[in-house]
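Engineer: Take this structure first; my questions come after.
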Amino acid sequence: MNDYDVIVVGGGPGGSTVAALTALDGHRVLLLDKESFPRYQIGESLLPATIHGICALLGLREEILDAGFVRKRGGIFQWGTNPEPWTFSFAASDRMAGPTSYAYQVERTRFDKMLLDNARRVGVELREGHRAFGTVKTGGRVNGVRYTDDTGHERLSTARFVVDASGHGSRIHNDAGGRREYSPFFRNLALFGYFLDGHRVPEPNSGNIVCASFADGWFWYIPLSATLTSVGAVVKRESAAKVQGDPERAYAELIGACPLIKDFLRDARRATEAPYDRLRVRKDYSYDRTVLWSPGLALIGDAACFIDPVFSSGVHLATYSALLAARSINSTLAGLVDENRCFLEFEARYRREFGLFRDFLITFYHQHSDEHAYFGEARKLTGQAGSADAAFVDLVGGVTSTDFSRHLLGDVLAEGAQLQLRGLLGEAAGAEPPMFPGGLVAAPDGRRWLMPDD
């Protein structure tokens, strides 16, 4: 008899999502996190599929809507050969029009705690200050976690499934087998801090993320409240030496080298209250893994893969992979679908979504094009028949409609669009088609896989 049905390592959005969705299916779930919440985390800009899809499935959509986060209607880019900033709006997409045509900019200390508190509320056993350092295997199957508790004592708990949601610094991801492979293309360094009283663009776009390219890389500019702004420089590898030695000096020089951001911060001052009083540096290297799961163990979020943040895909990929893992675990434990088939579906859908962002980003980083060329590339990659700007919005909103990376024929309804529809309509959204020939489909409640003919 195992101690639990599921053990989740990591309490960020991915971990709290998979924990809640498996607990809601009636399973005994333990969630371990090395920190105590609320805690600081970067990644403040969200996509509509997270808010209107995942949070709805968690029963949190209304709470998120009422939390007072800054509404994000799209993005503003100063990118490529066009010297003037250009704007995209989620409302340009038929799949995100009306009640799902926005997301939020969030303070992760608040947002992550809301998701974690929700997991505890639906029955997850939460242990903060508990650091996982290894797994336990029996007959080639992972069936437990070794960890240090909040008093420093080593513990062991067993479970039918373990989910690693502990981020890029995971200590157990190698237990799935395979290896982590770093992208030769995205080898950047991020330097970021926070300002008060930065400039806001006119309504209705005052809450949009601003991304501005310059000689050494690009900046993000994310309004988190009426006064607080997250400002980060993503510096390309050949310019990384500028950050060495004195980050504060380098940060000021980088801002000075990007005219748009310099202008936006002309009347601003650095934040002085924790956790926004620190300047932080992070290697912003993108990576994938050759293996995303093994019997008894699934990797989600940054424990599995990470992609450059220019399109704010981090929380989307974490919560989306969490949903896929939860469906696979719930279906296996219920005896509905074979474990191997469930996790092949998990991996295929996860790699598809990650690959979509990765492949388009490689094109987007080529600065010799303008926005019309980027829109056209998005339409080519996604295979959409509609307008090029709508194809771009679908892609960066997480609701693209074809699987170009696997060269499938015909349109495939993206999980992001289906999630938003199900979040709004519940079981009335009806059945969805399989994403791949012979693949599985989601159950009406969104928490399990079903065979397509069920």
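Every read-out reported here was derived from the displayed coordinates using simple, explicitly stated rules and does not represent laboratory data. Please read all numbers here as calculations on a predicted model, not as lab measurements. Because the Cβ atoms are built from the backbone with ideal geometry, glycine has one as well, and the counts that use them run over all protein chains shown.
Engineer: If the cut-off is 29 Å between C-alpha atoms, which lysines fall inside it for Lys236, apart from same-chain ones fewer than 8 positions away?
Structural biologist: Lys72, Lys262, Lys283, Lys380
Engineer: Okay, next question. Along the Cα→Cβ direction, 7 angstrom out, place labels at Arg141 and Val291. What is the inter-label distance in nm?
Structural biologist: Going from the Arg141 label point to the Val291 one covers 1.6 nm.
Engineer: Need one number for the range 74-212: average projected area of the convex hull over its C-alpha atoms, nm².
Structural biologist: 14.5
Engineer: Mind checking which lysines have their C-alpha under 17 Å from Lys34, skipping anything on the same chain fewer than 8 residues away?
Structural biologist: Filter leaves Lys113.
Engineer: Moving on. Ser225 versus Leu196, label points 7 Å from Cα toward the beta carbon: distance in nm?
Structural biologist: Distance between the two pseudo-spin positions: 1.0 nm.
Engineer: Return, ordered by residue number, the residues of the range 263-301 whose backbone nitrogen is under 17 Å from a label point located 7 Å along Cα→Cβ of Leu344.
Structural biologist: Of the residues in the range 263-301, 291-296 have backbone N under 17 Å from the label point off Leu344.
Engineer: Another question about this same structure. How much length is gained if the chain between Ala252 and Ala67 is pulled fully straight, taking 0.36 nm per residue apart and subtracting their Cα-Cα distance, in nm to one decimal?
Structural biologist: Extra length from Ala252 to Ala67 when fully extended: 63.3 nm.
Engineer: Let me ask something else. When Lys and Arg each count +1 and Asp and Glu each count -1, what net charge do the other residues less than 10 Å away from Gly15, Cβ to Cβ, add up to?
Structural biologist: Local charge sum for Gly15: -3.
Engineer: Please check which bits of the range 172-212 a label hung off Arg280 would reach, taking the label as a point 7 Å along Cα-to-C-beta and the cut-off as backbone N under 20 Å.
Structural biologist: The answer is 187-198, 209-212.
Engineer: Let me ask something additional. Are there GluC sites (Glu not before Pro) in the range 1-71 that DSSP marks as loop and that have at most 16 other Cβ atoms within 10 Å, and which are they?
Structural biologist: Passing sites in the range 1-71 are Glu35.
Engineer: To continue, here is another question. Taking 0.36 nm per intervening residue step and subtracting the Cα-Cα distance, what contour gain separates Asn2 from Glu203 on full extension?
Structural biologist: Full extension of this stretch gives 66.9 nm more.
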